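Colleague: Let me begin by handing over the structure; questions about it come next.
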Amino acid sequence: MSDLASTSAPAASPAAAPAKRPTGEILFALVFVSVGVAGLATAGSIPIPPSETGIGPRAFPYIVCGLLVLCGAGVVLQVLRGKVGQAEDSEDLDVTAKTDWVALAKLVGFVVLHIFLIEPAGWPVAAAVLFSGAAWSLDAKPLWKAIAVSVILALVLQYVFGGLLGVSLPPGPLLEGVPFFHG
């Protein structure tokens with residue numbers, strides 16, 4: 001009789017215990033929400049030229065920032081409901097590794113340098129320095145290939161955004177006389 005009683009009682013399962021909500025995932029998603037909200041708040045200040053008859057320069061920022069808010073809020077809701085991402089078995093990640101503060105400082109330094117180089121040197125030069133600096137900071141081997149790819153990528157982006165889409169990216173003194181790089 002005691003065997004029957006013990007088998008009919010539900011066993012406590014580890015899944016029934018309340019799951020701890022991962023704060024890091026929630027904060028990461030809230031960063032996306034806050035960037036989206038800030039973008040939505042400032043996109044209205046983008047000037048619209050009087051000759052604009054299409055959707056205008058505010059449409060893309062509104063779409064991207066709106067999607068950031070929706071996706072970030074969706075991730076927050078999913079995490080609060082207990083649906084969190086599982087680490088893949090094949091991830092090559094050393095969880096005991098310490099943060100490489102030197103590499104992080106280099107990356108931050110190259111982002112700041114990029115910001116200060118845009119006006120005097122032009123966007124392609126500043127972008128090539130940023131991309132090359134990030135590759136160097138993350139120990140890209142061989143470095144000369146990373147630098148070559150950085151220069152090509154910066155020129156392609158300048159051509160696509162400045163030349164084809166008409167986005168005002170300063171070409172700088174090196175590309176001043178090349179008309180298809182101007183926005």
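Colleague: Please report how far the C-alpha centroid of the stretch 26-69 lies from that of the stretch 116-134, rounded to the nearest whole angstrom.
Modeller: 24 Å
Colleague: Here's something else I'd like to know. Would you mind counting up the charge near residue 74? Only other residues with Cβ under 11 Å from its Cβ, with Lys and Arg at +1 and Asp and Glu at -1.
Modeller: Once positives and negatives cancel, what remains is +2.
Colleague: Modelling each spin label as a point 7 Å along the Cα-to-Cβ direction, I'd like the residue 148/residue 34 distance in nm, to one decimal.
Modeller: Taking the simple label geometry, residue 148 and residue 34 are separated by 4.2 nm.
Colleague: Same structure again: Tell me, what is the per residue accessible area of the stretch 126-168 in Å², probe radius 1.4 Å?
Modeller: Result: 59 Å² of accessible area for each residue.
The values are calculated or read from the model by the stated rules, or taken from the named source; none is laboratory data. Worth saying up front: this structure is predicted, and the values here are computed from it rather than measured. Virtual Cβ from ideal backbone geometry, glycine too; neighbours counted across all protein chains shown. Just so you know, the surface numbers come from the protein's heavy atoms only, side chains and all, with ligands and any DNA or RNA stripped out. Shrake-Rupley method; radii C 1.70, N 1.55, O 1.52, S 1.80 Å.
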